[in-house]
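Remarks on the structure that follows.
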Amino acid sequence: AGSAGRGVGALGGPRLAELEALVGQSRAAGMAVELSVEGEERRYAAPVEQTAYRVVQEALTNVHKHAPGASARVRVAHRSAEIAVQVENGPSERGAADAGLPSGGNGLVGMRERVSTLGGGFVSGATEAGGFRVSAVIPDGTDDTDHTDGGDEKDHMGRGDRPEGRAVDGTAAEGRGGGVERARSA
């Protein structure tokens with residue numbers, strides 16, 4: 001899955017392993033970005049990894065658009081039954097007033113919906129320092145015992161909850177299961 005698709009919906013969709021390349025793209029565009037990873041890295045179900053990646057991608061895009069010149073910190077925490085991602089930026093070079101997002105900031109509603117679909121939590125808002133923070137906690141989609149109320153998600157994403165069953169499917173997270181059968185028969 002490497003860097004062939006540059007994290008833009010290549011076969012299988014973006015994975016967490018591609019976050020470093022995503023951060024590198026922001027750095028290449030002139031943003032000072034720090035990436036920290038806590039806990040033991042592991043694989044998650046494809047929709048979980050894709051959603052975590054997309055949250056970071058959208059948050060960094062918002063920093064570029066709405067807080068030019070601001071530095072950002074990306075944190076990824078691998079926990080026992082979930083993954084947590086947080087992107088926080090400082091104030092814009094133009095001053096704290098420009099660092100926040102406009103009301104109903106672009107992409108925030110979509111990020112919240114993606115995370116909620118997987119049974120996770122999403123929070124975003126201005127920081128006391130005049131920047132902006134986006135945080136998402138997404139349950140590990142590989143363990144059925146952690147999904148007591150996640151049955152709807154499975155029914156609507158496709159049968160089975162094995163990460164390898166969806167790894168080659170780039171449309172499951174966005175297309176609500178359009179390619180799950182292809183992935184299972186491939």
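Derivation of every value follows stated rules applied to the coordinates shown; laboratory data play no part. In this text, all values refer to a predicted model and were calculated from it rather than measured experimentally. Cβ coordinates were reconstructed from backbone atoms using ideal geometry, including for glycine residues, and neighbour counts include every protein chain displayed.
Between His64 and Ala129, what is the FRET efficiency for a Förster distance of 30 Å, r being their Cβ-Cβ separation, to the nearest 0.05? Using R0 = 30 Å, I get an efficiency of 0.95. For region 19-36, the Karplus equation 6.51 cos²θ - 1.76 cosθ + 1.60, evaluated at θ = phi - 60°, returns couplings of 4, 4, 5, 5, 4, x, 5, 5, 4, 5, 7, x, 8, 7, 10, 10, 10, 10 Hz by residue, with Gly and Pro reported as x. Remark on Val37: its backbone amide H falls under 5 Å from those of Val76, a criterion applied only to residues 5 or more positions apart or on other chains, H modelled at 1.01 Å from N.
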